[in-house]
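Dumping the structure here so I can ask a few things about it.
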Amino acid sequence: MSNSGFPISGFPSFGTDAIHAGQDPAKFNFKSAVPPITMASTYQRSDTGIPDLTNGKYIYSRLGNPTRDCLEQCIAKLENAKHGLAFSSGMAAITGCIQTFAKAGDHVICGDDVYGGTNWYFNNIANKNGLEIDMVDMRSVDTVVSAVRDSTQIVFFESMTNPLLRVVDVAAVAEAVHKIRDDIVVIVDNTFMTPWNMRPLDLGADIVVHSATKYINGHSDVVCGLLSTNSSNMREALFMTQITLGAVPSPFDSYLVNRGMKTLHLRMPRHAENAMKVAEWLEANPRIEKVFYPGLPSHPEHDILKKVARGAPGIITFSTKGKEENATKFLKSTKVVTLAVSLGGYESLAEHPASMTHANVPKEHREALGITDTMIRMSVGLEDADDIIADLENALKVAIPDGQF
Ligand SMILES: Cc1ncc(COP(=O)(O)O)c(C=O)c1O
């Protein structure tokens with residue numbers, strides 16, 4: 001099994017929780033076994049005034065919706081959290097958190113290797129709104145600690161970074177930051193890992209966010225964001241942001257993500273198994289320059305991963321030999337693997353970070369991090385591993401002919 005050797009054995013009842021949390025048929029009309037999609041934007045009232053919204057009462061669907069509630073309760077359970085909130089996208093969840101806990105003049109520490117959209121938000125929007133941003137290598141606890149200022153309000157990073165797949169010791173970072181000041185909000189984007197592999201709140205983070213568009217939904221047919229926290233005060237503040245900005249998922253999208261989440265515990269082990277086979281094959285391939293996959297013992301943070309997670313997900317980054325043209329020709333030559341951004345769906349996807357997901361990260365920043373023009377990020381899907389490998393082999397031979405490597 002691909003993830004053998006990981007000391008964290010897993011979270012008890014994960015599959016049962018994924019299937020049943022937030023989903024009690026006794027609460028649904030007709031006792032339906034699956035949550036109904038409640039499309040209503042408004043609800044009949046028996047009285048005037050503002051009812052207690054926390055008690056299964058609804059007045060207007062931006063403020064609360066029964067289908068969204070099922071999703072929020074389920075993600076909270078899977079993250080071992082008290083509270084969950086759903087947003088219309090991962091970016092809405094991330095920017096909602098930052099707007100809630102930082103104001104003009106405050107300082108925010110952000111991991112230096114993050115999704116291109118997150119990078120853009122911090123360096124082109126949050127900074128213009130008066131936030132001071134430092135982007136630092138989260139693998140070094142000392143670097144993080146020395147970046148903390150009196151005005152630091154938020155430390156934000158990805159538990160496994162995009163696209164370099166660096167693994168952060170979430171427990172060490174959260175502990176060091178909270179030791180300096182326990183009111184600094186530590187926010188972890190756990191999109192790549194998923195709660196199946198890692199639970200950042202158990203490791204000391206304050207808030208965990210997801211682009212649920214990825215593994216959590218798992219079927220590449222919804223854009224959605226989720227966050228979870230154990231703090232009731234943070235939940236209240238984030239809830240006001242959620243309902244006031246109005247960046248909420250539709251009832252139909254809430255239903256689909258909740259449905260996708262029911263099989264997360266079945267999909268993640270298969271993603272990991274396939275990814276390990278592909279990573280080992282790539283590592284032995286003469287046309288490949290370098291493979292970044294934290295499940296491989298050769299990955300620099302393989303031991304950190306074993307400390308903070310129970311396994312690796314299905315994403316592999318690798319660079320091809322030759323020039324950028326060879327890498328892009330490879331991407332255009334696959335037949336099973338689709339050339340597309342995004343990740344975490346049942347189908348294999350591959351993309352070129354330098355010209356796609358991270359094109360808006362300044363070239364100097366990309367080069368300093370090591371995001372090269374021959375780099376490819378692949379989301380290994382749930383197809384048969386032998387077919388994925390045969391497709392990669394064929395495309396590599398087309399893109400980098402014999403004698404050119
Ligand atoms: C790690 C990570 N976080 C956040 C996002 C943004 O999510 P969304 O596209 O759902 O807004 C992405 C999107 O690719 C991502 O990869």
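The values are calculated or read from the model by the stated rules, or taken from the named source; none is laboratory data. In this text, all values refer to a predicted model and were calculated from it rather than measured experimentally. Positions of Cβ are backbone-derived with ideal geometry, glycine not excepted, and every protein chain shown enters the neighbour counts. Ligands, DNA and RNA are stripped out before the accessible areas are found, and what is left, the full protein with its side chains, is counted by its heavy atoms. Shrake-Rupley method; radii C 1.70, N 1.55, O 1.52, S 1.80 Å.
Has the range 42-56 got at least one residue that is touching a Ser or Thr at 6+ places or on another chain (Cβ under 9 Å), at pLDDT 95 or above and either outside any loop (DSSP other than H, G, I, E, B) or in the same structural domain as W196 (by TED's automatic domain parsing) (or both)?
yes
Can you name the residue in the range 325-340 that is open to solvent by 50 Å² or more (accessible area, probe 1.4 Å) and in contact with a helix residue (DSSP H, G or I) (Cβ under 7 Å, 6 or more places away or on another chain) and, of all such residues, is nearest to the ligand (Cβ to nearest atom)?
Among them, the one singled out is L339.
Another one. Here are the criteria: (1) within 14 Å of the ligand (Cβ to nearest atom); (2) more than 20 Å from D69 (Cα to Cα). Tell me which single one L226 does not satisfy.
(2)
Continuing with the same structure: What pairs come up if the first residue lies in the range 236-260 and is assigned by TED's automatic domain parsing to the domain that holds I207 and within 17 Å of I94 (Cβ to Cβ), the second is at pLDDT below 95 and open to solvent by 50 Å² or more (accessible area, probe 1.4 Å), and their beta carbons are under 9 Å apart, counting only those six or more places apart or on different chains?
F239/L53
Pull out all pairs, ordered by first then second residue, where Cβ-Cβ is under 7 Å, the residues are six or more apart or on different chains, the first lies in the range 311-336 and is of a type in the set (D, E), and the second is open to solvent by 20 Å² or more (accessible area, probe 1.4 Å).
If the second residue must be open to solvent by 20 Å² or more (accessible area, probe 1.4 Å), the pairs left are E324/D373; E324/T374.
Just checking, does the range 297-318 include any residue being at pLDDT 95 or above and over 28 Å from P195 (Cβ atoms)?
Taking every residue of the range 297-318 in turn, none turns out to be at pLDDT 95 or above and over 28 Å from P195 (Cβ atoms).
Look at H352 and say whether it is at pLDDT below 95, under 25 Å from N119 (Cα atoms), open to solvent by less than 20 Å² (accessible area, probe 1.4 Å) and within 27 Å of the chain's Cα centre (by Cα). Let's see the steps before the verdict.
Numbers: at pLDDT below 95: no; under 25 Å from N119 (Cα atoms): yes; open to solvent by less than 20 Å² (accessible area, probe 1.4 Å): yes; within 27 Å of the chain's Cα centre (by Cα): yes.
No; evaluated as a whole, the condition is false for this residue.
Take the range 202-215 and flag every residue that is within 24 Å of K103 (Cα to Cα) and away from the ligand (no atom under 16 Å from the Cβ).
Looking only at the range 202-215, we keep the residues that are within 24 Å of K103 (Cα to Cα), and these are 204-211.
Within the range 202-215, G204, D206 qualify.
If S298 satisfies every condition in (1) among the small types (G, A, S); (2) within 16 Å of the ligand (Cβ to nearest atom); (3) assigned to a loop (DSSP other than H, G, I, E, B); (4) farther than 22 Å from D386 by Cα but one, which is the exception?
(2)
Ok, one more. Does the range 201-213 hold any residues that are farther than 19 Å from T152 by Cβ, in a loop (DSSP other than H, G, I, E, B) and touching a strand residue (DSSP E or B) at 6+ places or on another chain (Cβ under 7 Å), and which are they?
Passing the criteria: L201, A212.
So that you can scan it fast, the table gives a plain yes or no per residue for (1) in a loop (DSSP other than H, G, I, E, B); (2) open to solvent by 10 Å² or more (accessible area, probe 1.4 Å); (3) at positive phi; (4) not basic (K, R):
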residue	(1), (2), (3), (4)
S342	yes, yes, yes, yes
E347	yes, yes, no, yes
M356	yes, yes, no, yes
E367	no, yes, no, yes
D373	yes, yes, no, yes
M378	no, no, no, yes
I388	no, no, no, yes
L392	no, no, no, yes
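Okay, residues lined up against (1) within 16 Å of the ligand (Cβ to nearest atom); (2) part of a loop (DSSP other than H, G, I, E, B); (3) touching a residue at least 24 places away in the same chain (Cβ under 8 Å); (4) open to solvent by 40 Å² or more (accessible area, probe 1.4 Å):
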residue	(1), (2), (3), (4)
K128	no, yes, no, yes
R139	no, yes, yes, yes
T143	no, no, no, yes
I154	yes, no, yes, no
L164	yes, yes, yes, no
A171	no, no, yes, no
A174	no, no, yes, no
V188	yes, no, yes, no
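Pairs under 7 Å by beta carbon, first residue free of Cβ contacts under 8 Å to residues at least 40 places away in the same chain in the range 200-214, partner hydroxyl-bearing (S, T, Y) and open to solvent by 20 Å² or more (accessible area, probe 1.4 Å), six or more apart or different chains?
Hits for this filter: D206/S231.
Taking the condition of being open to solvent by 10 Å² or more (accessible area, probe 1.4 Å) and within 10 Å of the ligand (Cβ to nearest atom), how many residues in the range 95-126 meet it?
Total meeting the criteria: 4.
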